[in-house]
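Report on the structure given below.
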Amino acid sequence: MSAAPHLPTSTEEDYLKAVLKLSADAGPDASVSTTALSAELKTTPASVTDMIKRLGDKGYLRYQPYRGVSLSPEGRRIALRIVRKHRLWEVFLVEKLRFRWDQVHDTAEQLEHIRSPELIQKLDEFLGYPKFDPHGDPLPNEHGEIEARNTRPLADVPPGTEVTLARVTLHTPEFLQYLDRVGLVINTPLTVLDHLPFDDSRLVRIAGKDLQLSKLVAGNLLVV
């Protein structure tokens, strides 16, 4: 009888997911620096170096000195599977258990390491095959495919334009609680009224009320 295939540990999965996240804007073959990886995972550079070697030996990462690390095809497949599970659990927690969108990240971080493919398939079916999580992040399907959506930062929208909030790129509880407080949730329609050069803020109208958004806030909201 042949031995069971090695499965990455939850810590190894966290590293692969972090590389995927950090390389998302630059393409699947983009390299990620060990410094960026250390900051993302809040661990020491020495620990990152050790893990990179381990994941490289297992064929999940490719390492080039002075350039950083990138995911191998198998590493990318695993990372996308973890992201898929994480975002499905976030949908479940918000839609079915009535968690707030600022509460779900840590719990989903634990649930994403569950191994059962059948459970995740049933969960996807139960939720109606969602394409986006509660923060508007795209949800990979069972084949690791992600539906592209033509979004742009609210900060880039010219005055006089009507848009809809599609995605929030900063997920800290404080930021999400602030958005709740001012009435900015996913699928909220809004109109950009003005760009205020003094502090680079944006004046928008939401449900008939005018609201001034800082450069930081506007830069972390993606709209369609």
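The values are calculated or read from the model by the stated rules, or taken from the named source; none is laboratory data. All figures in this text were calculated on a predicted structure; none of them were measured in a lab. Cβ coordinates were reconstructed from backbone atoms using ideal geometry, including for glycine residues, and neighbour counts include every protein chain displayed. With ligands, DNA and RNA removed, areas are computed over all heavy atoms of the protein, side chains included. Shrake-Rupley method; radii C 1.70, N 1.55, O 1.52, S 1.80 Å.
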Next on the checklist: Between GLU174 and SER214, what is the label-point separation in nm under the 7 Å Cα-to-beta-carbon projection?
Outcome noted: 0.9 nm
Checklist entry - When the accessible area of the chain is computed with all protein chains present and a 1.4 Å probe, what percentage of it is carbon and sulfur? => result 53 percent
Checklist entry - Excluding same-chain residues fewer than 8 positions from LYS58, which aspartates and glutamates have a Cα within less than 17 Å of its Cα? => result GLU12, GLU13, ASP14, ASP50, GLU74
Checklist entry - Which ³J(HN,Hα) values, rounded to whole Hz and listed in residue order, are derived for the range 191-208 from phi using the Karplus coefficients 6.51, -1.76 and 1.60 in 6.51 cos²θ - 1.76 cosθ + 1.60 with θ = phi - 60°, glycine and proline given as x? => result 10, 7, 9, 7, 10, 9, x, 3, 10, 6, 8, 10, 9, 10, 10, 10, 6, x
Checklist outcome for this item: By the mean-Cβ-within-10 Å protection proxy, highest first, 48-54, 77-83 rank as 77-83, 48-54
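Around ILE52, under 15 Å between beta carbons, what's the net of Lys plus Arg minus Asp minus Glu among the other residues? Walk me through the numbers before you get to the answer.
Values: positive: LYS17, LYS53, ARG54, LYS58, ARG62, ARG67; negative: GLU12, GLU13, ASP14, GLU40, ASP50, ASP57.
Residues near ILE52 contribute 0 overall.
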Item to check | Charged-residue dipole, Cβ positions (Lys, Arg, Asp, Glu), the range 54-102 about Cα centre, Debye nearest 20 | outcome: 100 debye
Checklist outcome for this item: Result for the range 133-219: accessible area per residue, probe 1.4 angstrom, in square angstrom, of 56 Å²
Next on the checklist: Assuming 0.36 nm per residue, please report the length gained on full extension of the stretch GLU118 to GLU74 beyond their Cα-Cα distance.
Outcome noted: 13.8 nm
Checklist entry - Give or take rounding to whole Å, what are the principal axis extents of the alpha carbon atoms in the chain, in descending order? => result 68, 44, 27
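Can you give the local net charge around ARG202? Use residues other than it whose beta-carbon is closer than 15 angstrom to its beta-carbon, Lys and Arg +1, Asp and Glu -1. Mind showing how you got there, number by number?
Details: positive: ARG152, ARG205, LYS209, LYS215; negative: ASP156, GLU162, ASP194, ASP199, ASP200, ASP210.
Charge balance in the 15 Å sphere: -2.
Pairs on different chains or at least eight residues apart, Cα atoms closer than 16 Å: how many lysine pairs in the range 68-224 fit? Spell out each step's value before the answer.
Values: LYS85/LYS96; LYS85/LYS122; LYS85/LYS131; LYS96/LYS122; LYS122/LYS131.
So the count works out to 5.
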